[in-house]
Amino acid sequence: GSRQREGAGYGSRRGRAGKMAADGGAAAAARERRREQLRQWEAAPAPPGPPRPPRARAVRFERAAEFLAACAGGELGEARAMLRGGPGGERPLPSLVNGTNADGISALHQ
């Protein structure tokens with residue numbers, strides 16, 4: 001087999017010290033590149049116009065899905081309010097009462 005020269009292998013004292021020195025130089029170079037990026041970012045002009053306000057993110061679910069979730073979560077008051085209908089006194093949708101989830105489970109099963 002091949003024999004390594006004294007002090008030249010990775011496991012040797014000189015090999016490890018050389019690797020650590022190389023890693024330290026790479027880290028210093030990376031820090032300097034990052035400092036340069038930050039200097040360029042600070043010097044860059046601001047984008048034109050006022051910043052846009054963040055958009056409100058609203059997730060809307062079907063009423064039948066909300067009803068099933070209320071029943072599954074044991075939220076009796078919420079389920080009763082949904083069965084009573086909306087603020088105008090309108091009747092609940094048939095799909096609300098007769099709706100099922102993907103497995104065919106209805107609110108009555110919940």
How do F67, F61 rank by accessible surface area computed with a 1.4 Å probe, from largest to smallest? F61, F67
Going by a ≥ b ≥ c, the root eigenvalues of the Cα gyration tensor, does the stretch 41-86 fall in the rounded group (a/c under 1.5), the prolate group (a/b larger than b/c) or the oblate group? prolate
Looks like the stretch 24-65, by Cα gyration tensor root eigenvalues a ≥ b ≥ c and the a/c under 1.5 rounded cutoff (else prolate when a/b is bigger than b/c, oblate otherwise), is oblate
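The values are calculated or read from the model by the stated rules, or taken from the named source; none is laboratory data. What you are looking at is a predicted structure, and each value in this text was computed from that prediction instead of being measured. We work out accessible area using only protein heavy atoms, side chains counted, and drop any ligands, DNA or RNA first. Shrake-Rupley method; radii C 1.70, N 1.55, O 1.52, S 1.80 Å.
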